[in-house]
Structures are given as C-alpha cells and as structure tokens.
1. So what are the three principal axis dimensions of the range A:84-225 from its Cα atoms, in whole Å, longest to shortest?
2. Just to be sure I understand: with springs between alpha-carbon atoms less than 10 Å apart, which residue in B:Tyr70, B:Tyr158, B:Tyr195 has the highest mean-square fluctuation in the Gaussian network model of chain B?
3. How many percent of Cα pairs in the range A:363-519 exceed 23 Å?
4. Once you have a ≥ b ≥ c as the square roots of the Cα gyration tensor eigenvalues for the protein assembly as shown, tell me rounded if a/c is under 1.5, and otherwise prolate or oblate according to whether a/b is larger than b/c.
5. How large are Rg and Dmax for the range B:351-445 when only the alpha carbon atoms are used, in Å?
6. What residues have an amide H closer than 5 Å to that of B:Asp268, excluding those fewer than 5 places away on the same chain, when H is modeled at 1.01 Å from N in the peptide plane?
7. Straight-line reach only, C-alpha to C-alpha below 16 angstrom: list the aspartates and glutamates that B:Lys172 could link to, leaving out same-chain residues fewer than 8 apart.
8. Tell me the GluC sites (Glu not before Pro) within the range B:304-388 that lie in a loop according to DSSP and have at most 13 other beta-carbon atoms within 10 Å.
Amino acid sequence: LSTNGSNLSSTPEATTIAAAEQFPMRLIVPLRGVIQGRGGLFVGSLIPCCLFYFLQLYLKRRRPPPSDPAELPRTSSRTNLFSRGNSIGRVRVSSRAVPVAKPSDSPYYIGLERVKTDPYDRIKNTDGIIQLGLAESTLCFDLLKRWMSENLMESMMQSDDGEFDISSIAMYKPFEGLLELRVAFADFMSRIMGGNVSFDPSNMVITAGGTPAIEVLAFCLADHGNAFLIPTPYYPGFDRDIKFRTGVELIPVHCRNSDNFTVTVSALEQALNQARKRGCKVSGILFSNPSNPVGNILSRETLQDILRFAQEKNIHVISDEIFAGSVYGDKEFVSMAEIAGSGDFDKSRVHIIYGLSKDLSIPGFRAGVIYSFHEDVVNAAKKLMRFSSVPVPVQRILISLLSDVRFIEEYMRAHRQRIRDKHIRFVEGLKQLGIPCAESGGGLSCWVDMSSLLTSYSEKGELELFEKLLTVAKINATPGTACYCIEPGWFRCCFTALADEDIPVIMERIRQLRESSRS
Amino acid sequence: MMERSSNNNNNNVVELSRVAVSDTHGEDSPYFAGWKAYDENPYDESHNPSGVIQMGLAENQVSFDLLETYLEKKNPEGSMWGSKGAPGFRENALFQDYHGLKTFRQAMASFMEQIRGGKARFDPDRIVLTAGATAANELLTFILADPNDALLVPTPYYPGFDRDLRWRTGVKIVPIHCDSSNHFQITPEALESAYQTARDANIRVRGVLITNPSNPLGATVQKKVLEYLLDFCVRKNIHLVSDEIYSGSVFHASEFTSVAEIVENIDDVSVKERVHIVYSLSKDLGLPGFRVGTIYSYNDNVVRTARRMSSFTLVSSQTQHMLASMLSDEEFTDKYIRINRERLRRRYEIIVEGLKKAGIECLKGNAGLFCWMNLGFLLEKKTKDGELQLWDVILKELKLNISPGTSCHCSEVGWFRVCFANMSENTLEIALKRIHEFMDRRRRF
C-alpha cells in the first residue's frame, strides 16, 4: 500500500479507525478460522482473513495512513510551497486534544446547547425552552446590583489620595491572590459556614473560578493514570475539569436513594478494592458538600467516616464546598475543614474547593479558592496560579465586597431565604403532580424523581424522557445518567433563576407531557 | 521530596503528584533569585535610594498616563465600567461563556490589526481568550503536543518558557542555538540541527515556537527568517507558534513583520492551519494585572479545542467589559500605539547610550522593554559559572537585578537582559550611574 505523503487528518473518527486497526485484530481473525475448523482449515481461515484485509484495504484507500512525522514526506519543493493544489500533509493536534473538540454526547451539554437555540423569555418567547439545567442563581441580583453601583468604582480604584492611579490595578501582583483578598475570603468562608470553622489565609490560593481550582488540585494530588473515587450522582462538569488535561480517572462510587444518595464507607471500600485489582492507583476521594446534584448535606459522622477511610488508605480528600453558602434547610452545614481541624485526623490530606459562582451569583467574575492543609500543595498551587489568576481590578472589587460585613450578612440572609422559598414552591408544584424529590438542604437545584413518567425503568427510558422534556415540554433538566446515577428516572432541576410565575408554567408543561404520553 | 507528617496519629505520609514535587517551575533559578533580593530591599526614589533596582521584570510603565487620561475622560464615575447605568451588571455577573464577549474579541482583533498597520486582518471568531499569555502558551502546548513530544525554541529564550511549556504538559523544549555571529537570528543550519538532535533522541517534534519581537533580545525576527520557518514547518509537517506579545512595542512599526502577514496571502489551508499567534495586553498596554491573553489560530480544530480548554483560564467578564470600548476606540489606540513606541524607543536610546559611555555594548535592538547587554569581556572565566558570579556581583554590589543569559539558555556566556520600562527616567539614570561607577572602579584596577 503506497503512501502518498499526506498525513492523517486530525478528525476524531480517523483516530478511532486507526485505533481499531490494531495488531490483535490481524492475529485473531485468521486464528479464529483455524480454531473453528469449519469449512476446513483453508476456507475457515482464509475467507475471514480475506474479508478482513479487503476491508482494511478499502479503509486505507479512503483515508491515507498515518505517516511517521519524523520522516520527511515526499512533498513539493520550496518553490511550489505557497501554490495551490499542493499535497502538503495536514498538521495534527496532540492525541489528548482530539477528544476535547468533539461534540459532547452528554445530555448535560446537549441540553445546555439546545436552550441557546430557543431560550424561554417570559415576555418575548413564552414558548421557548425553560432552562433548569444550569446551577445559577439570580434571586439576589437586586442586592448585588445595588452594591455594585454604589461601590464598584471606589473599590477598584482604591488609592490614598482619591486620585485615579491605574498602577494600583495594572501591575503584576502575586498570582495566588493579594493577601487582603485571602484574608477577606477566609473571613467570608468562615462566616457563611456557620462560624464554627476558621480559615488561615496562608493556606489559601485564589483561582480564576472553581473549574481551575479543581483541575489544579487534581494536578497536584494525582499523576496521569491515577484515579479519584467519586460518589454518584456527581456534577457532570467534573469529567471535563478533571479528565481533559490531567489524565486522572474518576471512579464512580454508587449511592442509592435508600441512603438518600449518601456515600457509605463500604461502597468506598469496594470501589477502592476493585480499582486496585485492575492495577489502578487511587489518589483520593472527591465529593461535593452540599452535594451536586442531589443537594443533600453530609453529616458530621459521614465526613468523619470519609476522612477516617482516607487516612486508613493513605489517600487525599477533596471536599468541593462551593454551595456552602446556599444552605436553606434545617440541617447544619459542617465543613470538612472543621473535621480536619479537630485534631483527630491527619489534616495534611484534606483540601477544600470554594468559589463565588454559586453563593454570590457572580460566575462571570471568575473567583475560586483552593484551601489546603498541606503546605507543599499550597506552594505548588500558588505557582500554578500563573495560569489561572484573578485580575487585580477584580480582586480589589472582591476585597471590598467580601469585607463589607453588613452587606454580606444582609445578602446571605436574603439568599438563603429566597432559595428556601423558591425551593418550597418548586417542590410543592411537583408534589401536586405526584412527583417526589430527594431530601435536600442546600444547593441551587433539587433532585427530582421522574420515574413515574418513564416508559421503561432504564437508562434508555430516562434518556427518552429527557428528549421529550426538551422537545415537547420544552424544559431542560439534566438526567441522572449524565451524573452517573445508577437508578434511572432522576433529574436535576435548578430553580434559582426562576421567577415565581415561571413555576406554574413548568408544572403545566410537565402535566401536559404526562397526559400526552398516557394517551 | 516532601517529608511531612502533620499529625502524630498517623505515620502515613500522603503522596503528592510528580507535577507538585517537580522543580520544573524553575523558581529556584537565578532569574527568580534576583527577585527575592529585590523584594527584600526594593529601591524607592525617596525612601530607599540605595535599594535594589528591579531591572529583571519586563513591565511597561511608560504609558500609564495615556491610559489614565483616556479613562478619566471617557469613563466618568465608572459608567463605562459597569457601575452606573452601564449595560448589564447581570450579563457581567453571569457571563462565563468560553467564547468570550463578542465586542471584546472584536476589539482585540482590531487592536492587533492596528499594531500591524493593517498589513494583516484578524477574524474575531479565531480569537480565544486566556488569562494571560502564560496561559495561552501552556494551552497551545497541551493542544499541539503530547507528553514527551518537543517544541523547538530558539535560544536565548524567555526563562518562563521552561515552566509554561513543560511543567504540566510534560512536553520538552529542544533549543535552536543562536549566537552573536549573526545577531542571534535563526539559521537553517541551527534549525535542522535542533530537529536532528530531537530525532536522534527519539523525541517527536510537534512545532517551533518563536517570540517575535524576541525576548530577551529585544529585536524583531527578519521576514526572510519567518518565511523560512514556515517552509520548514510545512516540510516537517509541524506547527509554528509565534508569541507576538511585544508586537506593539516595536520602536518603528515598519521594522516588524508578523507571521500573520506571511500567512495573509496564502490560500492553502494546509499551510495556514499550522500557524498560531499568541498575544496579550500585558506588555504593549502595560496591564499585566488584568490577565488578558489570546490565542489566535488559523486552525479551526485548534480554535475549537482551545476555546473549550480555556474554561481553566477564563478572562473575567468584568475585565472584558472594561477593556472592550477602550480597545475599539481607534482614535485612542492609534495615538497610544504611536506614543508608546516613541517613548520606548527613547528609553532604549538612553540606556544604550549610557551603557556605551561606560564601555558596554548591546545587541542592536528595535523592540521590547529591555536591551541585550554584552558583558562577556568582564568575565574572569568564560563559563556559565563565571557569568553567574558576575551576575551576583552586579546584584550585591551595584544592587541591580538583571537577568543572566544563562537563565535564558543562551549558548554564549556574558550576555544579560536589562529591563528599562518599569521605572522612571530618573531611576534609569541612577542605574546607569551605578554602572558607570562600577566600570570606573574596574578600570582603576
């Protein structure tokens, strides 16, 4: 088979085909024929071989094989370089880049994309798709807007003589965040977590959002090919955040409705043992608390169990507490930092993620936190912040915002109250339709049991329902499959960007969907 | 290696990753050690006139007044910046789309075109925003190369590349050696030699990464070299990355050729799509604190991929909002670019003249925030150690933090990068005075 000097294009399909054309295939097919012995040795082995090799020939003709990039391809001379019709090889991207550009097959992303094509608007597009798939809150925008209009400029241009001095926001500052910002964050986090835990600013690194926070921790705690145990259902974004570039695997630890989707030590133990059996090194446990998507709050005992387990197995614990300030139930939120600081455990294995995207509703600002009790992790994370730091003017705004204690207290009170109210309305609306929700006490969404609407109690049935919700009822809710939930029928519905009047609209659409599927 | 156990109950020390414990971040090198000395004893015109003068940081402070004046005039009470009545606090707060604000991308494209005197056009949809050029370079490396692959980089190069291109990516740098015999320009022989070196070591080369204008040389890359580089990359079927972060800091606009100009007249996609440009507002606009960088790629797949990966390094919506109108104000940017060039040129002349008077020669430069100074004749031993010894003397005796060529992987010893744009003219004169005195003392012995 000749090569014409051109290279494999960097399409994903091409790569998978290439992967399929492996040595084992070439060995197995003829062998199978020999072993089966049907039609005689000759026919039984030759025919499958021929078919297989003809198939390969056909595939190769359609698309040229990869050439060794180290070889000089037989291309045109320099003089013909810029003229058309040249058979110059197509340059490739790295193999780790290939899966990134592929259209996502996760319903989580598919749903988000679909809403963009036809977004619901209370006035201008009442038939549009209602977004319940994005965990964002707009409930307290009025308060934030007021604060910003009164304080934004001042907070950014803070200078002693009142004159605008651009150098205070223009110049390089430590990538891990100004000390004043870390102090303000430490205070803020302590405040919203009930005041039972204090945070040391020197253990803190400020990141450009929760997304880089989790990735940086993954880079620091695990090598390529290692894994984190992660209780399911989990936030679909973790797949990208962790797997895109670090090469760290996520091993699901399945939780059940019967435990209100709370992870158990025995499940962790089982998952860890299975991983070890197949030679996969587990570096840590990653979980969110309040949990996304379920919204439950882990008890003190559960947190202690997890940390004890991690200590026994000598692995890390990453607690994503990004919804800590969005607790509206009666259950008390306990930070893993509090357990770690209690002195009963080795705290150097404990790391916390936080951010302002959920509690303070400013995801656009991009501000997150890595908090670690391990000095070397803090040092490594600081250095990695050159790739993901918060702009200085934004840091100044945040210092001002987070240190405005009076505003923060007013805001947090309103934030919790309004989520609580909205949650009650939403859950009540569903209850009227006979649709139950899991018990939750925090977060911006509820975990809805739509199994009664499934045509078949299976993943397939759930995805069909997802599609119907999207296209017929025009509601984007994230199906449990996207969150790796093993029990079919669960959907995450984010309700904190809804106005009260949107809720009956949603319930009506669901009701109609149910009617039409019954008939 | 880490050796901690922070609790008596537990004799099990938990492990960290290779990335966490590696020293690829390079912060133990002299490049960064000098910064520490500065931090401990920073020069201040009034409060600490005998402190260490920071000449190792490529920051542009010469045109701040232009920014301030503009912002005061056009942005009364922050109206432009989203406080009073400006479009959408809401949009600002919620917006975290990795596509970036369209108006901001258009502004960036327009700014980049202006810098190149309209000799190349930039499509806003090919602009991917990152939190700084540091992130842009790392992101491109992740996309173009796999672990243990290599990028060819001409020496001397910006010391930060060792970290930005290699640390998390696992990619190697194979140097293309350049020397003073031809003003450190890349030669075909050096290029082929570097490629061969990689091949001999069984390392797959994925691209060439150049900085144009060059850091630390402070000089533009010649057009014919760019053409040769592109041709080389086509022949080897690899990528060409051009970090043009100092493109707006070229003293005479006509002396700069961007790789974008070369590609502008090429229709063949298979040639174009291997070219990628990195840019940022940190140097030309003097706003490193804003963390605004960009990847501009002629490759659709790279644009798509980079966009998705940029979620790890998004530019704050607040920043995009703040800068969009300023960057699209062509009258302002035209004036800014012109005056900024002029002032940098003037600074360059001051320092080069001053050094000449002290008997020190520099490479003939035409861009950037620094000059490339030759102190080879002062070395007792013409070795790396000799150079570092001299560097140490300059730091401790003259209290000047400059960057030794060793940290830039220069194959010739005795060269130093000296930054001149991050201080007042006064401070620059003081630094020159210290050098004069030092040279005088040496002559006497």
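What follows is calculated from the coordinates using simple rules that are stated; it is not laboratory data. What you see is a predicted model, and the numbers here were worked out from it, not measured in a lab. Cβ sites come from the backbone with ideal geometry, for glycine too, and all protein chains shown count toward neighbours.
1. Here the Cα extents, ordered largest to smallest, are 65, 47, 43 Å.
2. In the Gaussian network model the winner is B:Tyr70.
3. Roughly 54 percent, rounded to a whole number.
4. Note, shape of the protein assembly as shown comes out oblate.
5. 12.6, 36
6. none
7. The reachable aspartates and glutamates, counting only those whose Cα sits under 16 Å from B:Lys172, are B:Asp23, B:Glu138, B:Asp146, B:Asp149, B:Asp162, B:Asp164, B:Asp200.
8. Those that pass, being in a loop and sparsely packed, are B:Glu380.
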